Amino acid sequence: MGARGPTCSKGTLVGQGEPELSETYPHPLSPARALLALIALALGLLLSSGATAREAGQTPSGFEVPRYLTLKFGEVNARAGPGDDHQVLWVYRVRGLPVQVIAETREWRRICDPEGGVAWVHRRVTDGNRSVMNLAASPLALRRRPRAEAEITAYLNVRAVAALDRCDKGWCRLKVDDVTGWVTESAVWGVAAPVQCR
């Protein structure tokens with residue numbers, strides 16, 4: 001029997017094992033490519049850290065906190081925490097009651113009410129329509145124009161709620177039933193920018 005050389009299933013050893021690099025195909029991590037990869041990585045980290053900083057200032061709803069909303073229903077459970085498993089502290093019984101959102105989760109809003117109560121309500125029981133409440137000890141005059149000497153068109157009773165149309169230069173235009181009128185911004189609860197409850 002003659003001597004036989006090594007064999008393989010393809011009949012040759014060429015092409016088996018690790019591929020050989022040729023001069024026409026550079027190594028995937030050549031110095032130039034490694035530098036480009038590092039630059040791309042550094043740029044990616046820089047851009048993603050900026051996006052994270054922007055996202056940190058956003059709320060789950062995408063709206064500012066604090067902000068005002070109204071209660072959508074005439075019966076709303078006020079809970080001790082954000083979830084149906086938390087204790088009901090009291091029940092709101094005023095549809096359209098103005099409340100201030102002072103914190104939020106994706107589904108729940110921590111609200112401050114006109115009496116200073118703080119509780120959690122589900123987002124589905126709130127409405128983006130705005131309203132205000134007269135917390136003064138006497139009825140509040142609604143004026144035809146945003147001026148102290150303007151004609152009085154109606155009065156907003158004590159603890160009454162009115163729809164807020166808009167505020168401009170320290171005056172707010174309210175609507176109650178079919179009557180509209182202006183009051184000073186400081187005369188009603190539901191427009192002041194700072195957090196109303198602590």
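The values are calculated or read from the model by the stated rules, or taken from the named source; none is laboratory data. Here the structure is a predicted model, which is why all the values come from computation and not from measurement. With ideal geometry, Cβ positions are generated from the backbone for all residues, glycine too; neighbour counts draw on all protein chains shown.
General observations
- Listing of strands (runs of 3 or more DSSP E) fully contained in segment 64-146 that carry 2 or more residues being surrounded by fewer than 16 Cβ atoms within 10 Å (Cβ to Cβ): 88-92
- Only one of Asp177, Asp165 that is farther than 30 Å from Asp85 by Cβ, at pLDDT below 95, surrounded by fewer than 17 Cβ atoms within 10 Å (Cβ to Cβ) and over 20 Å from the mean Cα position of the chain (by Cα): Asp177
- Selection within segment 148-198 - in contact with a Phe, Trp or Tyr (Cβ under 8 Å, 6 or more places away or on another chain) and either farther than 22 Å from Cys112 by Cα or among the basic types (Lys, Arg) (or both): Ala150, Trp171, Arg173, Trp182, Val183
- Hey, Leu156 crowded, with 16+ Cβ neighbours inside 10 Å, farther than 22 Å from Gly62 by Cβ and touching a Leu at 6+ places or on another chain (Cβ under 9 Å) or not: yes
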